[in-house]
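Worksheet: the structure to be examined is printed underneath.
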Amino acid sequence: MCSSDLARALLLGHYDVLTFASNHGSDLGPDVLLETIQVIRDLGIQVIGAGANITEARKPAFVTKKGLTVGFLSYCSVLRQNYQAGETSPGAAPMRAYTHYLQTDYQPGTAPKILTFPYQEDLDAMLADIRAAKEQCDLLSVSYHWGLHGVKGALAMYQPEVAHRAIDAGADFIIGTHPHRLKAIEVYQGKPIFYSLGNFCFDQPRWVLDEGRRRSPEHKAHMDNQKWTYDPEYEEWYAVPAENRKSMIAQIDISGTTVERVAFRPVMINKRAQPEILPASDPRFDEVVGYVREITESQGISTSYVVKGDEVIVDLDS
């Protein structure tokens, strides 16, 4: 559960909405999930992406400020069995995908091409949610807990399809989470898709990872497959691969009821697991920007980035 005393720290961030569409939401059982959601709501913060049933999990949140109403929806694509909300069961709002392995070489035993496709029932429900929510707001943000973690740059095939369909249905910007690393930014129909913002506030000491290896063969195999290595200087608070330290803050500037400018602020997580917003004068600023350019190009995405002061502008005409 989430202690109400600890949760009050969230008020310092002036959050209006939090998403609970996560692959870990039900790790401690449905009662803990629902209790935690209630603790957050009691603070006056809206929760999206999970709930006591599928209707509640798919319910949007709305924030109105200075005459502008922004809507928020959230979904999870990386769910263990029964972690999704049902008609009478708690869980996350699902936007699942299934996988096919296609043999591309006539020789048996060669590596297949991996194909992923969205569940049609989840896609249809999500599109209905988006259309309904857009009728109640000026701008609509849709976020997804999705994608491939521990893999540099790579996007799963279902991700662009889901994102494009969401924008076609009325979403104005897409925010992705889960892979623990930055992923590309795409512009579709003049609207931004942040496929992954990477980690941000995510402490993970070495002893926690070692205990996870000891307790879980699955966790050990996951880390071994990623060839996980440690930097001794980070082991006390943030024992993760160097790639996982790069992050960003998405910035969307609104004028009237339209998106005027989209940018990001490069971030690097330090030895105490604290996110540092980087000025352009910091050499790590160019490191993060260069990485974002590299992983964007690696996916055949042509988004242009322009550094202006301490911000990186996303060219919406890309």
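The values are calculated or read from the model by the stated rules, or taken from the named source; none is laboratory data. All values derive from a computational prediction rather than experimental measurement. All Cβ positions, glycine included, derive from the backbone under ideal geometry; neighbour counts span all protein chains shown. Side chains included, ligands, DNA and RNA excluded: accessible areas come from the protein's heavy atoms. Shrake-Rupley method; radii C 1.70, N 1.55, O 1.52, S 1.80 Å.
Brief remarks follow.
- Screening residue 160 with (1) in a helix (DSSP H, G or I); (2) more than 24 Å from residue 289 (Cα to Cα) gives one miss only, at (2).
- Unmet requirement for residue 296, which otherwise passes all of (1) of a type in the set (Ser, Thr, Tyr); (2) open to solvent by 10 Å² or more (accessible area, probe 1.4 Å); (3) under 17 Å from residue 152 (Cβ atoms): (2)
- Test: residue in the range 245-254 that is open to solvent by 60 Å² or more (accessible area, probe 1.4 Å) and in contact (Cβ under 8 Å) with a residue 40 or more places away in the chain: yes
- Of all residues in the range 196-235, those being of a type in the set (A, V, I, L, M, F, W, C) and modelled with pLDDT of 90 or more number 6.
- In the range 209-244, the residues that are touching a residue at least 12 places away in the same chain (Cβ under 8 Å) and either among the hydrophobic types (A, V, I, L, M, F, W, C) or under 19 Å from residue 24 (Cβ atoms) (or both): 209, 222, 223, 226, 228, 237, 238, 239, 240, 244
- From the options 224, 129, residue that is buried (at least 18 other Cβ atoms within 10 Å of the Cβ), in a helix (DSSP H, G or I), touching a Lys or Arg at 6+ places or on another chain (Cβ under 9 Å) and of a type in the set (D, E, K, R): 129
- Residue in the range 138-148 that is surrounded by fewer than 21 Cβ atoms within 10 Å (Cβ to Cβ) and part of a helix (DSSP H, G or I) present: no
- Top-ranked residue of the range 228-244 - restricted to ones that are of a type in the set (A, V, I, L, M) and open to solvent by less than 40 Å² (accessible area, probe 1.4 Å), ranked as farthest from residue 293 (Cα to Cα): 239
The rows are residues; the columns are (1) touching a Gly at 6+ places or on another chain (Cβ under 9 Å); (2) buried (at least 24 other Cβ atoms within 10 Å of the Cβ); (3) within 21 Å of residue 317 (Cβ to Cβ).
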{"position": "182", "(1), (2), (3)": "yes, yes, no"}
{"position": "190", "(1), (2), (3)": "no, no, yes"}
{"position": "202", "(1), (2), (3)": "no, no, no"}
{"position": "207", "(1), (2), (3)": "no, no, no"}
{"position": "212", "(1), (2), (3)": "no, no, no"}
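- Hits in the range 260-293 (condition: in contact (Cβ under 8 Å) with a residue 40 or more places away in the chain, out of contact with any Lys or Arg (no Cβ under 7 Å at 6 or more places or on another chain) and open to solvent by less than 70 Å² (accessible area, probe 1.4 Å)): 261, 262, 263, 264, 265, 266, 267, 273, 275, 292
- Given (1) open to solvent by 50 Å² or more (accessible area, probe 1.4 Å); (2) at negative phi; (3) in contact with a helix residue (DSSP H, G or I) (Cβ under 7 Å, 6 or more places away or on another chain); (4) not aliphatic (A, V, I, L, M), index of the condition residue 124 fails: (3)
- Residue 171 vs. criteria open to solvent by 20 Å² or more (accessible area, probe 1.4 Å) and closer than 24 Å to residue 18 by Cα: no
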